[in-house]
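**Q** Dropping a structure here in structure tokens format, bear with me for questions.
The values are calculated or read from the model by the stated rules, or taken from the named source; none is laboratory data. These figures come from a predicted structure and were not determined experimentally. Note: ideal-geometry Cβ built from the backbone for every residue, glycine included; neighbour counts use all protein chains shown.
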């Protein structure tokens with residue numbers, strides 16, 4: 001894939017996977033949810049092939065988690081880890097609705113974020 005920025009073009013051989021997770025949390029479980037998310041952030045920080053950011057939507061009990069992974073394989077591998085499975089087991093009972101997950105491939109030019 002070729003990316004052009006102004007007058008500069010480069011070959012970007014690899015894409016980054018962006019995973020967006022939307023979670024609506026039951027009001028009474030907010031404190032427990034914060035603890036579980038903090039633990040998840042610590043677990044993902046132990047890997048050098050990702051970057052995770054969480055944002056709370058103003059005025060709502062809805063959180064958006066953005067996960068940038070080196071590639072789809074890295075993310076799929078992490079989904080099989082105990083940390084990921086523990087997170088899923090913990091949050092499932094704290095959510096008002098099913099979690100919404102979407103993915104998108106971003107140009108490899110952004111790969112410096114993960115290095």
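**Q** State the number of residues belonging to segment 92-108 that are crowded, with 16+ Cβ neighbours inside 10 Å and either part of a loop (DSSP other than H, G, I, E, B) or at pLDDT below 95 (or both).
**A** Here the count works out to 1.
**Q** Here is a list of conditions, (1) at pLDDT 95 or above; (2) assigned to a helix (DSSP H, G or I); (3) touching a strand residue (DSSP E or B) at 6+ places or on another chain (Cβ under 6 Å), and residue 23 meets all of them except one; can you say which number that is?
**A** Here residue 23 clears every test but (2).
**Q** I'd like to check something: does segment 33-44 contain any residue that is touching a residue at least 24 places away in the same chain (Cβ under 8 Å), surrounded by 13 or more Cβ atoms within 10 Å (Cβ to Cβ) and under 20 Å from residue 104 (Cα atoms)?
**A** Going residue by residue through segment 33-44, those that are touching a residue at least 24 places away in the same chain (Cβ under 8 Å) are 33, 36-37, 39-40, 43-44.
Right, trim to surrounded by 13 or more Cβ atoms within 10 Å (Cβ to Cβ) and you get 33, 36-37, 39-40, 43-44.
If we keep only those that are under 20 Å from residue 104 (Cα atoms) too, we end up with 44.
Checked against the condition, which is being touching a residue at least 24 places away in the same chain (Cβ under 8 Å), surrounded by 13 or more Cβ atoms within 10 Å (Cβ to Cβ) and under 20 Å from residue 104 (Cα atoms), segment 33-44 yields at least one hit.
**Q** Do you know which residues across segment 70-91 are surrounded by fewer than 18 Cβ atoms within 10 Å (Cβ to Cβ) and not in a helix (DSSP H, G or I)?
**A** 71, 80, 81
**Q** Going by the structure shown, is residue 29 in contact with a helix residue (DSSP H, G or I) (Cβ under 9 Å, 6 or more places away or on another chain) and touching a residue at least 40 places away in the same chain (Cβ under 8 Å)?
**A** Values: in contact with a helix residue (DSSP H, G or I) (Cβ under 9 Å, 6 or more places away or on another chain): yes; touching a residue at least 40 places away in the same chain (Cβ under 8 Å): yes.
Against the criterion (in contact with a helix residue (DSSP H, G or I) (Cβ under 9 Å, 6 or more places away or on another chain) and touching a residue at least 40 places away in the same chain (Cβ under 8 Å)), residue 29 qualifies.
**Q** For residues that are touching a helix residue (DSSP H, G or I) at 6+ places or on another chain (Cβ under 9 Å) and not in a strand (DSSP E or B), scanning just segment 47-69, find the one that is nearest to residue 91 (Cα to Cα).
**A** Only one residue fits best here, namely 61.
**Q** Which condition from (1) at pLDDT below 95; (2) under 17 Å from residue 68 (Cβ atoms) is the one that residue 1 breaks?
**A** That leaves (2) as the condition not met.
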